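Chemist: Provided herewith is a single structure, encoded as structure tokens, for subsequent inquiry.
Every number in this text was worked out from the coordinates using simple rules, so none of it is lab data. The structure presented is a predicted model; accordingly, all values stated were derived computationally and were not measured. Here the Cβ positions follow ideal geometry from the backbone for every residue, glycine too, while neighbour counts run over all protein chains shown.
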Amino acid sequence: MKKKSSVVIAGGGSTYTPEIILMLLDNLDKLPLRKIKLYDNDEERQNKLAKACEIIVKEKDPSIEFLATTDPELAYTDVDFCLAHIRVGQLPMREMDEKISLKHGVVGQETCGPGGIAYGMRSIGGVLENIEYMEKYSPNCWMLNYSNPAAIVAEACRRLKPNSRVINICDMPIGMENTMAEILGVASRKELDVRYFGLNHFGWWTSVKDKEGNELLPKLLEHQLKYGNCMTDGGGNFTDDSWQETARKVKDIVAVDPTLVPNSYLKYYLFPDYVVEHSDPNYTRANQVMDTREKRVFGECARIEKAGTAVGTCLEIGIHASFIVDLATALAFNTHERMLLIVQNNGAIENFDPEAMVEIPCIVGKDGYEPLSIGKIPTFQKGLMEEQVAVEKLTVDAWQEGSYHKLWQALTLSKTVPSATVAKAILDDMIEANKGYWPELK
Ligand code: NAD
Ligand code: G6P
Ligand code: MN
């Protein structure tokens, strides 16, 4: 019989928690569980969904122990996996990140540009704190971290927790590969073998093959040049119009380099003027998420709690998050699955900073991951990545040193920011808005 695992979800009050629990419960044959715990530092928020999650777990498998707590010791004792998706400052601070940037005519986005830098300055401390709890109470636990901004958080982990069992991951390539499979008429993304390189939210596919080894990249590029990463009728696996529009914009990104398939996040770096023109500075993505996903998830959890049953629920399995089960399964049962992870380059990309945290394919087994060798990357991508990785490193420098100048430099260097003057104006507003979240800058 397979060994059963105990899992803690850090950031238990996240809008993604119920769908991740549903996804875990749907995969008990692959990854059997004996315990599911929720941990958050905001009891009131976590309580909005804890009872519903408990009902969902009990109705699926009453033998699985369930606990929701704000006590780190209870949360982190006797756990094999920590699935971490915290958002320090929650959605109202995401709203500030987006709106402050837009006020200065700059891309206002969760993980890209000034918004991502500001979020990074908040996130680093929260993620490190959770790693410390994990190491204290369950030193053999693996943390699968997808708390954003993943690139900056991963760089902080590399420097400050070099030996910890933390793996930083992102669902964006998975989401895009689901649509690619649909475009290519392949049954599922699992039928595709891909090669990919880049930074988090900043990468390219160099190969997409079917299981017979046929290269499908030219066919995919031909399609994307016309339609973006959508079906011909604009459809695909999108949660809402805003994601659909991002997938369509892939058409213009591919036009710049028609030899590689880009991550759709590159739109923020290559078309910042377009993005700003199409943003409403008074109603940003954070507002959309609070008015839709947050309301829907918390509303449904309240309904389940009141009804005392989850039968007939509209909550759905988080398909996009299936890679979390795959990763935990690979670590628990040594499957050697090939997955895209955010890891130290260490020569994998031959002509790129060995210390940079890059997103590349790795083989995952019980002792962790082994990155695959990528070789040399082209000048255009290398140039973009060098600039962006410097932004990420300067942000972590600023956090460590409490340095105003390092953060000003990070903002100035971001491709989304037009000048040092604009960078400084954004920085000064962000310092004000992030009081109590950022280290003090001198
Ligand atoms: P959310 O605000 O709904 O939930 C985050 C929760 O984290 C909140 O309940 C908050 O109280 C809690 N939290 C904050 N600081 C904490 C700490 N120090 N310890 C414990 N809990 C803490 O956020 P969301 O929209 O559901 O997103 C959650 C996170 O997942 C974000 O970081 C988001 O960017 C990230 N995310 C990443 C990916 C990816 O591919 N990498 C995909 C989806 C979401
Ligand atoms: C994708 C990215 C995540 C990001 C999320 C934001 O899944 O990979 O890193 O957090 O999108 O989505 P949202 O719907 O909150 O804008
Ligand atoms: Mn991501």
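Chemist: Going by amide H atoms built from the backbone, whose H comes under 5 Å of the H on Leu216, apart from near neighbours?
Modeler: Hits under the 5 Å cutoff: Val208, Lys209, Asp210.
Chemist: May I pose another question? Would you mind giving the average projected area, over all directions, of the Cα convex hull of the stretch 1-46 in nm² with one decimal?
Modeler: In nm², the orientation-averaged hull projection of the stretch 1-46 is 3.2.
Chemist: Counting only C-alpha contacts under 8 Å and six or more residues apart, can you give the relative contact order of the chain as a whole percent?
Modeler: In percent, rounded to a whole number, it is 18.
Chemist: Shifting gears a bit: Applying 1/(1 + (r/R0)^6) with R0 = 35 Å to the Cβ-Cβ distance of Leu28 and Ser373, what FRET efficiency is obtained, to the nearest 0.05?
Modeler: Efficiency, from the Cβ-Cβ distance: 0.45.
Chemist: Any idea which of Val186, Leu441, Phe202 is furthest toward the positive side of the dipole for the chain, if Lys and Arg beta-carbons carry +1 and Asp and Glu beta-carbons -1?
Modeler: Val186
Chemist: So for the stretch 195-278, Kirkwood radius off the Cα pairs, Stokes-Einstein at 37 °C and 0.692 mPa s: how many µm² s⁻¹?
Modeler: Roughly 247 µm²/s, to the nearest whole number.
Chemist: Within the stretch 83-113, list the residues whose amide N lies under 12 Å from a label point set 7 Å along Cα→Cβ of Asp42.
Modeler: Only 86-95 fall inside the zone, counting backbone N under 12 Å.
Chemist: Please list, by residue number, every one of the GluC sites (Glu not before Pro) in the stretch 206-251 that is coil in DSSP and has at most 12 other beta-carbon atoms within 10 Å.
Modeler: Glu212
Chemist: Separate question: What is the local net charge at Ala321, summed over the other residues whose Cβ is closer than 9 Å to its Cβ (Lys, Arg +1; Asp, Glu -1)?
Modeler: Residues near Ala321 contribute -2 overall.
Chemist: Report the Stokes-Einstein translational diffusion coefficient (µm² s⁻¹, integer) for the stretch 67-163, Rh taken as the Kirkwood radius over Cα pairs, at 25 °C with viscosity 0.890 mPa s.
Modeler: 172
Chemist: What is the Cα coordinate range of the stretch 361-431 on the first, second and third principal axes, sorted by size from largest, in whole angstrom?
Modeler: 46, 30, 15
Chemist: If you take every residue apart from Asn229 with its C-beta less than 14 Å away from the C-beta of Asn229, what net charge results, scoring Lys and Arg +1 and Asp and Glu -1?
Modeler: Value of the local net charge: +1.
Chemist: Beyond 28 Å between alpha-carbons counts as too far, so tell me which of Lys136/Lys366; Lys51/Lys99; Lys382/Lys435; Lys251/Lys393; Lys37/Lys209 fall in that bin.
Modeler: Going by Cα-Cα distance, Lys51/Lys99; Lys382/Lys435; Lys251/Lys393; Lys37/Lys209 fall outside the 28 Å limit.
Chemist: Just the number, please: percent antiparallel of the DSSP beta bridges in the chain, rounded to the nearest 5.
Modeler: Percentage antiparallel, nearest 5: 50.
Chemist: Rounded, prolate or oblate for the stretch 136-292? Axes are the square roots of the Cα gyration tensor eigenvalues, ordered a ≥ b ≥ c, and the cut-off for rounded is a/c under 1.5.
Modeler: The shape class here is oblate.
Chemist: Hey, another quick one. Would you kindly state how much longer the chain becomes between Lys306 and Asn163 on full extension, computed as 0.36 nm times their sequence separation minus their alpha carbon distance, in nm to one decimal?
Modeler: So the extension gain works out to 47.0 nm.
Chemist: In a shell of Cβ-Cβ distance under 15 Å around Leu407, excluding Leu407 itself, what net charge do Lys and Arg (+1) and Asp and Glu (-1) give?
Modeler: Once all neighbours under 15 Å are counted, the net charge is -3.
Chemist: Which of Ile360, Ala390, Pro371 sits farthest toward the positive end of the charge dipole of the stretch 308-442, with +1 on the Cβ of Lys and Arg and -1 on the Cβ of Asp and Glu?
Modeler: Ala390
Chemist: Let me ask something additional. Suppose the chain between Lys103 and Tyr274 were pulled fully straight at 0.36 nm per residue; how much longer would it get relative to their current alpha carbon spacing?
Modeler: 60.0 nm
Chemist: Moving on to the next point. Quick one: Karplus J couplings for the stretch 381-393, per residue in order, coefficients 6.51, -1.76, 1.60, θ = phi - 60°, nearest Hz, x for Gly and Pro?
Modeler: 5, 4, x, 4, 5, 5, 4, 5, 5, 5, 4, 5, 5
Chemist: Roughly what would the spin-label model give for Lys382 and Trp243, points 7 Å off Cα along C-beta, in nm?
Modeler: Inter-label distance under the simple model: 3.5 nm.
Chemist: Per the Debye formula with a single identical scatterer at each Cα and no solvent contribution, what log10 I(q)/I(0) holds for the chain at q = 0.08, 0.11, 0.13 Å⁻¹?
Modeler: Treating every Cα as an identical point scatterer, log10 I(q)/I(0) equals -0.43, -0.86, -1.26.
Chemist: Follow-up. Multiply the residue gap between Glu355 and Glu191 by 0.36 nm, knock off their C-alpha separation, and tell me the result in nm, one decimal place.
Modeler: The Glu355-Glu191 span can extend by a further 55.8 nm.
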